[in-house]
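Novice: Next up is a structure, given as structure tokens.
The values are calculated or read from the model by the stated rules, or taken from the named source; none is laboratory data. These numbers were taken from a predicted model, which means no experiment stands behind them. Glycine gets a Cβ as well: all are built from the backbone with ideal geometry, and neighbour counts include every protein chain shown. Side chains are part of the model used for accessible areas, which takes the heavy atoms of the whole protein and leaves out ligands, DNA and RNA. Shrake-Rupley method; radii C 1.70, N 1.55, O 1.52, S 1.80 Å.
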Amino acid sequence: MSFVITLFNVGFIENVLFIWLKAWAFVVAFPTINLVAPVVNKLVKIVVTNNQ
């Protein structure tokens, strides 16, 4: 998603990959998603199991 937003902002230019990799949003979002997703999945399973 951050790559698509970068493309919208700067267009498909020669160094778009390097511009995208420099973006702080990507650097912060990717590890955060990898850390948070398993916790959220476990919480959802607990809630869904308890409500059935």
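Novice: With everything on Cα atoms, drop me the angle between helix 24-51 and the longest principal axis of the chain, reported from 0 to 90° to the nearest 10.
Specialist: For 24-51 against the chain, the angle is about 20 degrees.
Novice: Considering only protein heavy atoms and a 1.4 Å probe, what is the carbon-and-sulfur percentage of the accessible area of the chain?
Specialist: Roughly 73 percent, rounded to a whole number.
Novice: How much accessible area per residue does the chain have, counting only protein heavy atoms and a probe of 1.4 Å, in square angstrom?
Specialist: On the way: 4720 Å² over 52 residues.
Per-residue value: 91 Å².
Novice: Looking at [x] 53, 17, 11; [y] 43, 22, 7; [z] 68, 18, 5, which value of Cα extents along the principal axes in Å comes from a calculation on the structure shown?
Specialist: After the calculation, the listed value that fits is [x].
Novice: At 7 Å along Cα-to-Cβ for each site, give me the label-to-label distance between residue 1 and residue 51 in nm.
Specialist: Going from the residue 1 label point to the residue 51 one covers 2.2 nm.
Novice: Per 0.36 nm of contour for each residue apart, how much would the distance between residue 10 and residue 36 grow if the chain were fully extended, relative to their Cα-Cα spacing? Could you put the intermediate results ahead of the total?
Specialist: Details: separation 26, 0.36 × 26 = 9.36 nm, distance 3.00 nm.
Contour length minus the Cα-Cα distance gives 6.4 nm.
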